[in-house]
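The values are calculated or read from the model by the stated rules, or taken from the named source; none is laboratory data. Not measured: the values here are computed from a predicted model. Using ideal geometry, Cβ is built from the backbone for each residue, glycine included, and neighbour counts are taken over all protein chains shown. Note: areas computed on protein heavy atoms with side chains; ligands, DNA, RNA excluded. Shrake-Rupley method; radii C 1.70, N 1.55, O 1.52, S 1.80 Å.
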Amino acid sequence: MLFLTFMSSIFRDRLLAGKVAFITGGGSGIGQRMAERFATHGAKVMLAGRKQDKLDAAAAAIHATGGAAATAALDVRDYGAIEAALKRTRDVFGEIDILVCAAAGNFPAPVVGMSANGFKAVIDIDLNGTFNTCRAAYEHLKKPGASILSISANHATQPIAYQAHVCAGKAGVELLTKTLAIEWGPEGIRANCITPGPTDDTEGMRRLAPTEEARRRAIASVPLRRYGTKDELADLALFLCSDAATYITGAVYLCDGGSSLLRSSIGAG
Ligand code: COA
C-alpha cells in the first residue's frame, strides 16, 4: 500500500525537493540514471567519478532539463579526494542528505587468470570504495533524514564463475550496509542496498554478455525473461532515498527480475 501511494505520488511530486545528493559512479550507467531521476525530483546532485568528460556530459544533460548538478573527478580508492569532494559539495549546494555508492569495477576472468592486483583492484573499488565513501561522509550525514544507498549485485549471494572479485566485493557491500544501519541508525542515518540483476545498457553487461548468444543465455536465466532497465533501478533508488521510506534501513532490495532465484549463466564462459 505504501509503495502504491508512493508510485502514484511519483508522477506529481518532487520527492527530493531541497535535498542534496552525492553520487559516486554518477557520470555513467546506473549511477547516472539515478542522478537524473533525483535531479528531476528536485535534488541538487554532485556527480563523482573517475572521468571528467563523462561527468561533464552527465551534468550537462541534467542542466538541460533545468536540474542542478556539479561534478567531482575522483577515484573512490582515494580517501582524501572523497573528503575534499564532500566538503566542496557542502560549499556549493549545502548539507548533504543522500549518499549513493554506485562506483564499481569489473572484468570477467577466471581466478587463475586474475592476478592478486586484479582481484584487489575490484575489491578496492567496490567494497573499500563504498567503505571510504560512507566513512568520509559520516560527519556530513549524521542527522535525522539522511540516507545511504549502495549498489550491490546478484553476485553477493550467488557464486558466478569468472566473477570471484565482484562476488566477494558485493557480499561485503551488503553486510557493510547492514552494519552501518545498526551503527548509524541512532544518528538518524538510514543505510540500504539495491541488488540489480542483469541490467540493459550498462558497462557491466557489455563486459559480461558481449555477444548475442551470451545475452540470450543471460536472459534465459531471468524468470521475467528480459534484462532490467536503469529506469527501474532509478525508481527504486528514488523511493529508498525519499521520505516515503523513512522506516526502511538495513534492507537489501532485489530488483533483478527474479534472477537470484535461478542459477546464473552470466560469466559462465
Ligand atoms: N583480465 C585480467 N586482469 C585484468 C583485466 C582483465 N580483463 N583488466 C584489468 N586487470 C588487472 C590488471 O592486469 C591489473 O593487474 P596487474 O597489475 O597484476 O597486471 C589490475 O587489474 C589493475 O588494472 P589497472 O589497469 O591498473 O586498472 P584499474 O586499477 O584502474 O582497474 C578495472 C581496472 C578493470 C577494475 C577498472 O578499470 C574497471 O572496472 N573498469 C570498467 C568499469 C566497469 O565495468 N563498470 C561497471 C561495473 S559493473
*Among the residues of the stretch 85-108, which ones are open to solvent by 60 Å² or more (accessible area, probe 1.4 Å) and either over 30 Å from ALA161 (Cα atoms) or away from the ligand (no atom under 16 Å from the Cβ) (or both)?*
LYS87, ARG88, ARG90, ASP91, VAL92, GLU95
*State which residue pairs qualify: first residue free of Cβ contacts under 8 Å to residues at least 12 places away in the same chain and inside the stretch 155-175, second residue crowded, with 18+ Cβ neighbours inside 10 Å and not in a loop (DSSP other than H, G, I, E, B) in any location, beta carbons under 9 Å apart, and separation of 6 or more residues or different chains.*
PRO159/CYS167; LEU175/ALA156
_Return the residues of the stretch 144-167 that are surrounded by 24 or more Cβ atoms within 10 Å (Cβ to Cβ) and part of a loop (DSSP other than H, G, I, E, B); say none if nothing qualifies._
SER152, ALA153, GLN163
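Within 16 Å of the ligand (Cβ to nearest atom) and modelled with pLDDT of 95 or more: is that true of THR130 in this structure?
yes
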*Would you say GLY118 is in a helix (DSSP H, G or I) and within 13 Å of the chain's Cα centre (by Cα)?*
no
_Among (1) within 15 Å of the chain's Cα centre (by Cα); (2) outside any helix (DSSP H, G or I); (3) touching a residue at least 40 places away in the same chain (Cβ under 8 Å) - the single one ALA109 does not satisfy_ = (1)
*asked:* Could you go through the stretch 11-33 and let me know if any residue there is loosely packed, with under 13 Cβ neighbours inside 10 Å and modelled with pLDDT of 95 or more.
replied: yes
*Considering only the stretch 212-233, how many residues are more than 21 Å from LEU262 (Cβ to Cβ) and either within 16 Å of the ligand (Cβ to nearest atom) or at pLDDT below 95 (or both)?*
1
*In the stretch 109-127, which residues are more than 7 Å from the ligand (Cβ to nearest atom) and open to solvent by less than 60 Å² (accessible area, probe 1.4 Å)?*
PRO110, ILE123, ASP124, ASP126, LEU127
*Output the number of residues of the stretch 206-226 satisfying the condition of being within 20 Å of PHE107 (Cα to Cα) and surrounded by fewer than 21 Cβ atoms within 10 Å (Cβ to Cβ).*
11
*Taking the stretch 92-148, which residues are among the polar types (S, T, N, Q) and in contact with a Leu (Cβ under 9 Å, 6 or more places away or on another chain)?*
ASN106, THR130, THR133, SER147
*Which residue, of GLY204, GLY169, GLY185, is out of contact with any strand residue (DSSP E or B) (no Cβ under 6 Å at 6 or more places or on another chain) and more than 15 Å from the ligand (Cβ to nearest atom)?*
GLY185
*Which of the helices (runs of 4 or more DSSP H) contained wholly in the stretch 171-269 include at least 3 residues that are closer than 19 Å to ALA153 by Cβ and among the hydrophobic types (A, V, I, L, M, F, W, C)?*
212-220, 230-241
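Quick grid of which residues meet (1) more than 22 Å from THR179 (Cα to Cα); (2) of a type in the set (A, V, I, L, M, F, W, C):
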position: LEU224; (1), (2): yes, yes
position: ALA234; (1), (2): yes, yes
position: ALA245; (1), (2): no, yes
position: CYS255; (1), (2): no, yes
position: GLY258; (1), (2): yes, no
position: LEU262; (1), (2): yes, yes
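Kindly check whether there is at least one residue in the stretch 51-60 that is within 13 Å of the ligand (Cβ to nearest atom), touching a residue at least 40 places away in the same chain (Cβ under 8 Å) and either open to solvent by 10 Å² or more (accessible area, probe 1.4 Å) or touching a helix residue (DSSP H, G or I) at 6+ places or on another chain (Cβ under 8 Å) (or both).
no
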